[in-house]
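> Dropping the structure in here first, questions after.
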Amino acid sequence: MKTPNEEINERIIKDRNFRIHLAMQSPYWFFYIYLPRDPQFEIAPFQKEILEIARDESIKLALIVSFRQSGKTTMMDLVYPIWSIIGEQKKKFILIICKDQQQAEMRMANIREELENNELLKKDFGPLYGDDKWGALTVVVARYKARIMCVSSGQSLRGMIHGSHRPDVVVCDDLEDLEGVKNPDNRDKMFNWFCRDIVPMGNLNTKIIVISNLLHEDCLVRRLNEEILKNKRGGLYKEFPLIDEEEKCMWPGMYPNPESIEELRHSVGDRVFEQEYLLHILPEVDQIIHPEWIHRYDELPRNDDPDMPYRGTYCGVDLALKKGGKNDYTAVIICRVYGYDENMRIFVLPYIINEKLDFRESIERLKTLDRDANSGEYITKYIESVGYQSSIIEQLRHEGVEAEEVPIHEGKDIRLKRTIPVIFNGVVLIPRYGAVEFVDQMVYFGSVPHDDMVDAFTMVVIKIIEENSKSEPRLTIIDGPPPWYAGPR
């Protein structure tokens, strides 16, 4: 007796009308019939799910995070764009946005290859090529009055139109990379470009699909998903790691047993396997502060809490008294201290200054921080006494603002390492919101353009601990993470 699949396969081969009808109804069957890239590997359930997400027109924004070599680029840059034109959706203008020009040309070359040389596809749906408007980055499928275009990220997309049609499908393919995403300015620029240029370029029915790997806690897909979770925008976020939460392989056709997965891990290395196949966001190799060490808080203790009494407010100031160009920023980190002995906690406030200020502007900003708005008490200010920065300390005192000079005799990395125990053990707490760039500077210290907030932070925390140790010697903190710590898994 023939299985259902055998019967379907036989009809696909013999019955052209059945084959065309089946392919038009489903991008999965279209993929199966016309565009199988690796026919020796059985299509995985998660790949069917990705294609079904593309088919579902109620999903206007789809964020698809999948492991490397999972076929997501083939499905979303090749299968779906062609199917969306000749299948039931009947789309007219498909835009594929790639990280750079070279990738855009490669994606278009793959599309052209299928439209020009796929004999079965041409037989059932052709003619699909030959229009004089075909080029390295665009094809016009005249029979369906539709266009597919590939472009690179960052360029202006305003005013794109095909006939009377604005883009009704937009596929964003791995717009970020590991190096660029470390820089908060790059992440802001990408997110703002996406919101400003990509989202408004279509119409109310435009479908936007973003395919990516996980590169950073604050990368584009994570930011967009955060807005989905807060109901700021509609959409769907899906992750497809090679190994799921139940320790099952997501693509048994490609990796049929544990030995094949271990062979993959061995060939690419543990680090690449963890990040690009298991979708784990990993720290830098020489990282000083690991993100999982950071303790967060949502609310400050009450000043009259008998179990966690308020001790005082302190701030570290790292000055940069020249504006413009590549000069550093003036950074101010403010901390409130609560509790005594083993219960002492240092709460970093979300009111962080990180700006390019000149001498006079720095004076005025620090004067506004003279008192704590919550307690009304004076804020103790620690300012590095290096070179002409000492002059601002003298000026502040002249204008009635107390400031304490802090001589620095250690390198930036040594000072950050000295804060490991209080960060790891939760003596220092970071606000859940309002400190993204500050955390970035700590976690990616040495690989981001600026570290001014880290300087201000280490200055104030080290001074607080030193002063507390003089009056409260019972405060003991174990020396950093436990010996068994070897990074996140």
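The values are calculated or read from the model by the stated rules, or taken from the named source; none is laboratory data. Predicted model only: the values in this text are computed from it and were never measured. Because the Cβ atoms are built from the backbone with ideal geometry, glycine has one as well, and the counts that use them run over all protein chains shown.
> Which of the following residues is touching an Asp or Glu at 6+ places or on another chain (Cβ under 9 Å) and surrounded by fewer than 20 Cβ atoms within 10 Å (Cβ to Cβ): Val436, Val454? Don't jump to the end; show me each part of the working.
Working: Val454 fails: surrounded by fewer than 20 Cβ atoms within 10 Å (Cβ to Cβ).
One residue alone meets the criteria, Val436.
> Assigned by TED's automatic domain parsing to the domain that holds His21 and without any contact (Cβ under 8 Å) to a residue 40 or more places away in the chain: is that true of Glu119 in this structure?
yes
> Same structure again: Here is a list: Val210, Val199, Val221. Which entry is in contact with a helix residue (DSSP H, G or I) (Cβ under 7 Å, 6 or more places away or on another chain) and in the same structural domain as Ser70 (by TED's automatic domain parsing)? Break it down into steps so the answer makes sense when it comes.
Numbers: Val199 fails: in contact with a helix residue (DSSP H, G or I) (Cβ under 7 Å, 6 or more places away or on another chain); Val221 fails: in contact with a helix residue (DSSP H, G or I) (Cβ under 7 Å, 6 or more places away or on another chain).
Within the list Val210, Val199, Val221, the selection yields Val210.
> Only residues that are within 24 Å of the chain's Cα centre (by Cα), at pLDDT 90 or above and not small (Gly, Ala, Ser): list them for the stretch 231-264, please.
Step one: of the stretch 231-264, the residues within 24 Å of the chain's Cα centre (by Cα) are 231-245, 250.
Cutting the leftovers down to at pLDDT 90 or above gives us 231-243, 250.
Hits for the stretch 231-264 are Asn231, Lys232, Arg233, Leu236, Tyr237, Lys238, Glu239, Phe240, Pro241, Leu242, Ile243, Met250.
> How many residues are under 14 Å from Cys219 (Cβ atoms) and surrounded by fewer than 19 Cβ atoms within 10 Å (Cβ to Cβ) if we restrict to the stretch 164-173? Reasoning before the result, please.
So in the stretch 164-173, the residues under 14 Å from Cys219 (Cβ atoms) come out as 172.
Checking which are surrounded by fewer than 19 Cβ atoms within 10 Å (Cβ to Cβ) leaves us with none.
Here the count works out to 0.
> I want to confirm something. Restricting to the stretch 415-432 and keeping residues that are touching a Lys or Arg at 6+ places or on another chain (Cβ under 9 Å) and surrounded by fewer than 18 Cβ atoms within 10 Å (Cβ to Cβ), which single residue is modelled with the highest pLDDT?
Here is the first cut: in the stretch 415-432, the residues touching a Lys or Arg at 6+ places or on another chain (Cβ under 9 Å) are 426-432.
Narrowing the set further to residues that are surrounded by fewer than 18 Cβ atoms within 10 Å (Cβ to Cβ) leaves 426, 432.
Working: Gly426: 92, Arg432: 89.
The residue in question is Gly426.
> On to the next question. Just to be sure, is Gly154 outside any helix (DSSP H, G or I) and on the phi > 0 side of the Ramachandran plot? Steps first, please.
Details: outside any helix (DSSP H, G or I): yes; on the phi > 0 side of the Ramachandran plot: yes.
Taking the combined requirement at face value, the residue satisfies it.
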